[in-house]
Amino acid sequence: GILPAGSRSFPAPRSGFLNFQTRSKICLLALSCGALFTLSTFATNPLIMDQFTADPTARVFEGKVYVYPSHDIPASPGRGRTNWFVMEDYHVFSSENLTDWTDHGVILNQTNVPWLNRTSFDMWAPDCVFKNGKYYFYFPVGGRIGVAVADKPYGPFKPEEKPIAGAGGIDPGV
């Protein structure tokens, strides 16, 4: 046949090209490599399995990985909209080895935000940064973006009295 310019043709292997012993060694090598990858992947996916979370931000603080996700809860009478996202608070999770995770509990709830005058259940994609000895937790809610401050990456976080002036949206990505 005609080959594209720059390509090379290689002879087709003969029947029985690799003997049984060579094929067996190749199969064992392939299985061994596969077993190595299988043995090294025991972390759970998803890493948070006892609650619904989304929109995570991962940061490394104090030698640990901290994950700041939004937290989705089931709607109930007077609590959120049926068949919609119901996010009233944030948790933070930490790990030293990416396999064992600690839930530090609720770090901020919409009822603790002084400038939020309604229960909006839209506490979506947060972020957290460290600067000048403080942890700044940025969170969108009610179409605005707020900031809560703490001395530790797991809180307790205290929300500022007002949202960031002129900032809005659902994903502050700092």
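Remarks
- Probe 1.4 Å, all protein chains present, accessible-area order of Asp171, Asp55, largest first: Asp171, Asp55
- Cα-based reach from Lys131 at 19 Å (exclusive), listing aspartates and glutamates while leaving out same-chain residues under 8 positions away: Glu62, Asp151, Glu160
- Judged by the mean number of other Cβ atoms found within 10 Å, the most tightly packed of the peptides 63-75, 108-120 leads the ranking 63-75, 108-120.
- For segment 84-123, convex hull volume per residue from C-alpha positions, Å³: 78 Å³
- For the set Trp84, Trp124, solvent exposure ranked by accessible area (probe 1.4 Å, protein chains only) runs largest to smallest as Trp84, Trp124.
- The label-point distance for Lys152 and Thr102, in a model that sets each label 7 Å from Cα toward Cβ, rounds to 0.8 nm.
- Shown is the FRET efficiency for Thr119 and Ser95, computed with R0 = 22 Å from the Cβ-Cβ distance and rounded to the nearest 0.05: 0.10.
- Exposure of Glu62 as accessible area (Å², to 10), given a probe of 1.4 Å and all protein chains: 110 Å²
- Taking 10 °C and 1.306 mPa s as conditions, segment 50-174 diffuses translationally at an estimated 108 µm²/s according to Stokes-Einstein applied to its Kirkwood radius (Cα pairs).
The values are calculated or read from the model by the stated rules, or taken from the named source; none is laboratory data. For clarity, every value in this text was computed on a predicted model and none was experimentally measured. With ideal geometry, Cβ positions are generated from the backbone for all residues, glycine too; neighbour counts draw on all protein chains shown. In case anyone asks, the SASA skips ligands and DNA or RNA and just uses the protein heavy atoms, side chains included. Shrake-Rupley method; radii C 1.70, N 1.55, O 1.52, S 1.80 Å.
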